Amino acid sequence: MTKPSYATPPGGLPPQTQLLTDRAVFTDAYAVIPNGAMTDIVTSNLPFWDKTRAWVLARPLSGFAETFSQYIMEVSAGGGSTRPETDPNAQGVLFVVKGSFALSIDGATHSMAPGSYAYLPPGCDWTVSTTVGATFHWIRKAYQAVDGIDSPVAFVFDEGTGTTIEMPDTNGAWTTTRFVDPSDMRYDMQVNIVTLQPGGVIPFAETHVMEHGLYVLEGKAVYRLNQDWVEVEAGDFMWLRSFCPQACYAGGPGPFRYLLYKDINRHMPLNR
């Protein structure tokens, strides 16, 4: 089995001779942030993180993401945080794409490497430290507690041991690696890995209530977003508003894989 690969931001800065034409798109239904837009000058610093910079891919904003924020964290050797999360109601998912680090959750230490996944419930005590440097996604969402449903629990997993589900009638051309059982009502968000083999398709325009954030880990495809077909490749990020029609055709020559965020398992707020 071919070992998965994981895209990371290129950083740096394009030369003065580069053309300005690019694939970046921002609409009221979807956005595409291509890998070439993730340069040094668009990074952010965060409180209580040492030797760290972040590419902010999504944030709650009128006309943009409503339920989540997503960062790509780049932590240099000797960096990390002993107070990473400042919002007591925020839950998080970490997914590692480069390097390694030690993740402590409520006193238990876990070794994180490319493909490692951690779910962090609101209010848990967690820290990050690295001696070699690391790059990872950090997806945050305000937890929606429900009376009578237990709080979610922290866990650490690896892509290689996640549950991979073949989508119906696809013969393995379209699969999803799930880290949380979607019927577990304790969890109000999922972060999965979707894989389409070369030539595989999402064969209809999906239109549903879940907001999506998609980061392409590997490969390339043509993605249908609203009424547009957009070429995407490893390192690109897409945001899809709720009900934005979406479909996909994987172009090859290798698998097309992306990290997918979506909000699940809760009633629709009526007081917006």
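The table that follows gives values for the structure above.
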{"quantity": "Accessible surface of the stretch 66-122 [probe 1.4 Å, protein heavy atoms]: carbon and sulfur percent", "calculated": "47"}
{"quantity": "Magnitude of the charge dipole, the stretch 113-232, Cβ model with Lys/Arg +1 and Asp/Glu -1, debye to 20", "calculated": "240"}
{"quantity": "Only Lys, Arg (+1) and Asp, Glu (-1) charged, at Cβ; the stretch 1-148 dipole about Cα centre in debye", "calculated": "380"}
{"quantity": "Solvent-accessible ranking of D87, D181, largest area first, probe 1.4 Å", "calculated": "D181, D87"}
{"quantity": "With DNA, RNA and ligands ignored, accessible area of H110 (1.4 Å probe; Å², nearest 10)", "calculated": "60"}
{"quantity": "For the stretch 1-130: relative contact order, % (alpha-carbon pairs under 8 angstrom, 6 or more apart)", "calculated": "19"}
{"quantity": "Accessible area in the full protein assembly, largest first, 1.4 Å probe, for C124, C248", "calculated": "C124, C248"}
{"quantity": "Unit charges at the beta carbon, dipole of the stretch 133-232: most positive-side option, A221, Q197, T176", "calculated": "A221"}
{"quantity": "Accessible area expressed per residue, the chain, with surrounding protein chains retained (probe 1.4 Å, Å²)", "calculated": "49"}
{"quantity": "Calculated FRET value between S242 and H110, using beta carbons and R₀ = 25 Å, to 0.05", "calculated": "0.15"}
{"quantity": "Estimated dipole of the chain in Debye, rounded to 20 [Cβ of Lys and Arg +1, of Asp and Glu -1, Cα centre]", "calculated": "360"}
{"quantity": "For T207, solvent-accessible area (1.4 Å; no DNA, RNA or ligand), Å²", "calculated": "80"}
{"quantity": "Cα centroid separation - the stretch 68-127 against the stretch 215-232, whole Å", "calculated": "28"}
{"quantity": "For the stretch 1-64, with +1 on Lys and Arg beta carbons and -1 on Asp and Glu, the positive-most of V25, M38, L61 along the dipole", "calculated": "M38"}
{"quantity": "Extension reserve of the I149-L61 stretch, reckoned as 0.36 nm per residue once the Cα distance is removed", "calculated": "28.8 nm"}
{"quantity": "Proximal lysines relative to K51, as straight alpha-carbon distance under 25 Å, when same-chain residues fewer than 8 apart are discounted", "calculated": "K98, K141"}
{"quantity": "Within the accessible area of the stretch 130-209 (1.4 Å probe), percent carbon and sulfur", "calculated": "53"}
{"quantity": "Of all accessible heavy-atom area on the stretch 8-48, the percent that carbon and sulfur account for (1.4 Å)", "calculated": "60"}
{"quantity": "Largest-first ellipsoid semi-axes for the stretch 1-158, taking √(5λ) over the Cα gyration tensor eigenvalues, angstrom", "calculated": "28, 21, 15"}
{"quantity": "For Y71, solvent-accessible area (1.4 Å; no DNA, RNA or ligand), Å²", "calculated": "30"}
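The values are calculated or read from the model by the stated rules, or taken from the named source; none is laboratory data. From a predicted model like this one, the values you see are computed outputs, not experimental measurements. Here Cβ is always computed from backbone atoms with ideal geometry, including for glycine, and neighbour counts include all displayed protein chains. Surface accessibility is based on the protein's heavy atoms, side chains included, excluding ligands, DNA and RNA. Shrake-Rupley method; radii C 1.70, N 1.55, O 1.52, S 1.80 Å.
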